[in-house]
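Here the structure comes first, spelled out in structure tokens, and everything after it is commentary.
The values are calculated or read from the model by the stated rules, or taken from the named source; none is laboratory data. This is a predicted model, so every value here is computed, not measured. Backbone-built Cβ (ideal geometry, glycine too); neighbour counts: all protein chains shown. To get the accessible areas, we keep the full protein, side chains included, count just its heavy atoms, and leave off ligands, DNA and RNA. Shrake-Rupley method; radii C 1.70, N 1.55, O 1.52, S 1.80 Å.
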Amino acid sequence: MNEHVSLPVPAEEATQRPNSRKVFIKTYGCQMNVYDSVRMGDALASEGYVTTEEMADADLVLLNTCHIREKAADKVYSALGRLREMKKTRAAEGREFMIGVTGCVAQAEGEEIVRREPAVDVVIGPQTYHRLPQALKSARTGRRVVDTEYAVEDKFEHLPKAEKAATRARGVTSFLTVQEGCDKFCTFCVVPYTRGSEVSRPLAQILDEAHRLVDAGVREITLLGQNVNAWRSEGPDGREWSLGDLLYRLADVPGLARLRYTTSHPRDMDDKLIEAHRDLRSLMPYLHLPVQAGSDRILKSMNRRHTAAEYLRLIERIRTARPDIAMSGDFIVGFPGETDADFEDTLRLVEEVGYASAYSFKYSTRPGTPGAELGDQVPEDVKSERLERLQALLLKQQADFAKSCVGKVIDLLLEKPGRMPGQVIGRSPWLQSVNVDAKTSQIGDIIPVRIIGTGPNSLFAEPAERLMRA
Ligand code: 5AD
Ligand code: SF4
């Protein structure tokens with residue numbers, strides 16, 4: 001799980017249905033929210049809504065929110081203030097304008113949201129968004145809905161399946177949520193409270209969705225879960241399958257060229273999953289495996305249930321299985337009680353691992369978590385100074401990794417048109433954006449390219465002969 005992906009939910013051709021209502025969905029936070037936004041869009045499509053990328057055109061605005069850090073929740077309230085003003089203007093024009101809050105802030109704050117911002121029409125947590133169409137109907141008759149239940153029914157069974165055309169319009173890569181919730185209870189984290197305990201989607205449901213996606217032209221699927229590698233389901237052989245088994249099964253789906261999964265907990269990296277990295281060419285050599293800190297004392301206080309040495313040993317095993325794997329991680333600086341020496345341990349661990357990319361954050365106190373009760377909070381300026389040092393090191397590692405790719409011939413999945421005519425943007429196996437001269441008709445193809453240069457956030461490449469794999 002990271003906070004940096006915010007893919008737009010693509011607009012359908014609104015002109016095809018001139019009388020339909022329009023929904024604008026703003027997605028905050030992690031990839032799980034991106035996936036949920038797409039599914040909410042599908043649920044509303046069956047009620048006649050089309051998605052729009054222009055908030056000004058919308059009859060309904062949904063904020064699909066994130067609660068992971070304090071700032072994330074603050075952003076929602078300031079956005080709601082602006083929406084309240086829009087609603088007033090629309091009311092004066094006699095036009096409907098509804099506001100919905102979904103996602104983790106909805107789950108955590110519930111009624112508090114409508115108390116602070118009465119213009120909100122519906123508040124729906126991540127477990128019940130299949131009830132969104134019903135809630136909107138009810139709100140339209142003046143009965144505002146706040147629904148933050150942990151529903152007993154499976155929302156995925158109740159959500160309409162996306163139309164093939166809608167899936168096709170979304171492109172050649174897709175997320176697929178296979179697991180939700182978390183039982184790990186890291187002491188800094190709200191996820192076990194907002195998303196509930198670990199639940200896995202059944203195998204058959206996942207295979208059905210994967211086949212549908214591939215049928216609509218998807219070439220790469222990223223399996224999602226707050227603890228994706230805690231996924232378990234009964235297999236056709238009656239055995240309990242783990243994520244490794246699922247990956248072996250998905251690797252057999254014809255047309256599905258690439259597989260990824262995120263986010264994993266070090267404790268759940270079992271042998272089967274590591275073997276999958278060794279055996280499956282379609283499983284991309286990139287792994288997001290957060291460690292959070294490098295000091296055992298802090299890891300213990302964070303309730304991470306692993307030491308720095310255990311994490312390093314695990315990476316060694318993964319690299320033995322798949323030597324070209326690129327590592328990514330999450331870090332928190334300034335957890336309560338973190339001393340200079342603890343922080344130096346984090347820097348040392350980063351040096352030892354060598355990350356291809358990473359996300360790092362200042363500790364943010366979350367009410368209701370055990371971390372909020374700890375004394376010895378780290379002053380803000382110390383947190384800022386540590387974050388700056390850590391990010392400088394991580395950025396250097398990222399740049400070094402990008403430079404190490406120059407001259408290599410790699411497989412590139414062509415994803416979308418580039419900014420310049422005649423250019424297409426693709427993804428490297430290591431999740432980097434790569435610009436190359438190609439035709440838009442080639443989107444969806446995997447072509448060999450030679451990396452010829454690096455930019456601040458992407459690489460440049462030229463088409464190459466089919467590679468002899470190094
Ligand atoms: N403060 C700062 N960062 C946090 N994360 C989770 N909770 C907090 C918090 N209270 C970070 C962790 C996690 C990522 C998604 O967000 O690094 O892996
Ligand atoms: Fe939060 Fe820890 Fe669970 Fe990740 S493993 S979601 S950081 S409690």
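For this structure, a couple of remarks:
- Only Cα sites of the chain enter the Debye sum here, all with the same form factor; the resulting log10 I(q)/I(0) across q = 0.09, 0.11, 0.12 1/Å is -0.64, -0.97, -1.16, listed in q order.
- Part-to-part distance (alpha-carbon centres) for the stretch 218-291 and the stretch 40-79, which is given in Å: 30
- Taking every protein chain into account, the 1.4 Å probe leaves T440 with about 90 Å² of accessible area, to the nearest ten.
- For G329, the residues whose modelled amide H falls within less than 5 Å of its own, excluding neighbours fewer than 5 places apart on the same chain, are L289, S357, A358, Y359.
- Over the stretch 11-147: Kirkwood hydrodynamic radius from C-alpha pairwise inverse distances, Å: 14.8
- Residue by residue, the stretch 446-454 carries 3J(HN,Hα) couplings of 10, 10, x, 9, 9, 6, 10, x, 10 Hz when phi is fed to the Karplus relation 6.51 cos²θ - 1.76 cosθ + 1.60 (θ = phi - 60°); x denotes Gly or Pro.
- Between E153 and R232, full extension at 0.36 nm per residue minus the direct alpha carbon distance yields a gain of 26.6 nm.
- Rounded to the nearest 20, the size of the Cβ-charge dipole of the stretch 164-300 about its Cα centre is 520 debye, with Lys and Arg at +1 and Asp and Glu at -1.
- Unpaired by the 4.7 Å Cβ criterion, cysteines found in the chain: C30, C66, C104, C182, C405
- Ordering of 302-309, 333-340 by packing [mean C-beta count within 10 Å, highest first]: 333-340, 302-309
- Close amide H partners of V123, meaning residues 5 or more places away or on another chain with modelled amide H under 5 Å apart, are V101, V145, V146, D147.
- DSSP beta bridges in the stretch 11-147 [antiparallel fraction, %, rounded to 5]: 0
- Of K403/K439; K26/K362; K26/K75; K71/K300; K75/K137, pairs whose Cα-Cα distance is over 22 Å: K403/K439; K26/K362; K71/K300; K75/K137
- Amide proton proximity set for T369, modelled H, under 5 Å, gap of 5+: none
- All other residues whose Cβ lies under 14 angstrom from that of E220 are scored, Lys and Arg at +1 and Asp and Glu at -1, for a net of +4.
- Hypothetical label at K408: residues of the stretch 317-339 whose amide nitrogen lies under 13 Å (7 Å Cα-Cβ projection): 323-327
- The stretch 11-147, relative contact order in percent, only Cα pairs under 8 angstrom and at least six apart counted: 22
- Antiparallel DSSP beta bridges within the chain, percent to nearest 5: 35
- Only DSSP H runs of four or more residues enter the estimate; each adds -39500 (n - 2.57), and after division by the residues of the chain the mean residue ellipticity at 222 nm equals -10500 deg cm²/dmol.
- DSSP-assigned coil residues among trypsin sites (Lys or Arg not before Pro) in the stretch 364-470, each with at most 13 further Cβ atoms within 10 Å: R419, K439, R466, R469
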